[in-house]
Amino acid sequence: ICPLVMKVLFIIGFLFALTVAEWEVKLVIDDFKTAVEPLFVSSQDSPVELSVSSSEGSEIIGSERNVYLESSDSIGFSIADGMMMMELKESSGVILQYDGIDGSNYLSRFNAIDLRANGAQAFLFLLTSDAYYNYPRTYDELLGSFDLYVYSLSGRCRYHQSVNFVSEPTYITDFDSFYGDCDFSAVTAIELEIAINTSAEFGGLYLTSFATVGTAETLTIKSTRGGVKVLPYSATTTVAELIEMIMADTGLTRREIQLDYKGKKLVDGTMEDYRIKQGSTLRFTRHNPAIST
C-alpha cells in the first residue's frame, strides 16, 4: 500500500474508532475485504457492471456484492484492504447492491434478514476523501450525495442525504429516518448509491465500515476506593466473566475480587439471573487491603 493510502487508512481508522465508541456493530453489510482489482474506466466504457462473491474470511450480506460504476470522465476504482477507493470526478457515481448471489445488477432478493436483530438501530459507514487531508488549502468542500435503499417483503424505502465529503466523514442513518414502506425486520436487498457533483484533481473517495449498529450496552463497575470502569453488557454475561475482565485489567486474583449489586453479593449466574440491566452500576470490593485499587 502506498504511503498516501496508509495515511488515509490511519485517519479513517481513528475516526471510526471515535464513532463506534458510542455504538456497537450488530451486523456487517460489507467489510470490503473481498477485493476488486484496480480498474480504469473511461467515459466510453461507462457504465461498468461487475459482481463479486464473498471470499473466505470476508463478510458480505447475501454473499455477493454487485457494483455499478458510471462516469462522464475517466476514473480509477478498486476495493481492497477493507476499503473502496474511487477517484473524485464530476458526474461520477457508484451503486453497491446486496441482493444475494445472482451474478448481475438486476435486482434479486436474498432470504429475509432481520436488520433490527440484537438491538440494531441504524446503518453506519465512513465516507470521506483524501483531498481534505492532503490538500486542505485547495479544497473547502467536495459535494455529492448518497442514497440508501432498503427492500423488504412489504416494500421499499429510501434515505437521501446531500454531503460534503470533506467535513462530514461518518454517516449514521437511523432506520426510522427512511421514507417509504419497508420492514427492517424482513429485509431482502440493500443498495447504496453514491454520486459526486464536484471534481477534485488527485482526489480519492473512500468508503469503509458498512454495517448496522446499535447503542453500545455497558455496565459500570465502581470500586470502594473510587475507581470506575465501564465494561460491555449482555444479559447472558456471567459473574465469572465479569471477574475475569477485572482480573485482566487490574492484575488481581479471583479471590481478591468481590462484586455486589444493590447490596447483594454476586456469586455465580448471569446478569439476567440477578435482574441486572444494561446501564446498571456494580460495586467492586477488594479483599486484600495491602494492594491498592
| request: Starting from region 193-239, pick out the GluC sites (Glu not before Pro) whose DSSP state is loop and whose Cβ has at most 12 other Cβ atoms within 10 Å. | output: Glu201
| message | For region 72-113, what does the accessible surface come to per residue with a 1.4 Å probe? Please give it in Å². | response | 41 Å²
| Extension gain (nm, one decimal) between Thr281 and Glu217, 0.36 nm per residue minus Cα-Cα | 21.8 nm
| remark: Around Ile113 (Cβ within 15 Å, Cβ-to-Cβ, excluding Ile113; K/R +1, D/E -1) the net charge comes to -4
| task | Pop the C-beta distance of Ser199 and Val25 into the FRET formula with R0 = 35 Å and round what comes out to the nearest 0.05. | result | 0.55
| query | Length gain on complete extension for the stretch Leu107 to Thr224, per 0.36 nm per residue less the alpha carbon to alpha carbon distance? | reply | 36.2 nm
| query | Can you pull the Rg over Rh of region 226-281, Cα-only, Kirkwood? | reply | 0.92
| note | Going residue by residue through region 152-160, the Karplus relation 6.51 cos²θ - 1.76 cosθ + 1.60 with θ = phi - 60° gives ³J(HN,Hα) values, rounded to whole Hz and with x marking Gly or Pro, of 9, 5, 9, x, 10, 9, 9, 10, 10
| field | Pairs from Lys26/Lys222; Lys229/Lys277; Lys26/Lys264; Lys229/Lys262; Lys33/Lys229; Lys26/Lys229 whose Cα-Cα separation, in the structure shown, is over 25 Å | value | Lys26/Lys222; Lys26/Lys264; Lys33/Lys229
| said: Test of understanding: what is the full-extension gain from Asp174 to Ser91, defined as 0.36 nm times their sequence separation minus their Cα-Cα distance? | reply: 27.1 nm
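The values are calculated or read from the model by the stated rules, or taken from the named source; none is laboratory data. No experiment lies behind these values; they were computed from the predicted model shown. When we count neighbours, we look across all protein chains shown, and the Cβ atoms used for this are built from the backbone with ideal geometry, even at glycine. When the accessible area is computed, the model is the full protein with side chains, heavy atoms only, and any ligands, DNA or RNA have been set aside. Shrake-Rupley method; radii C 1.70, N 1.55, O 1.52, S 1.80 Å.
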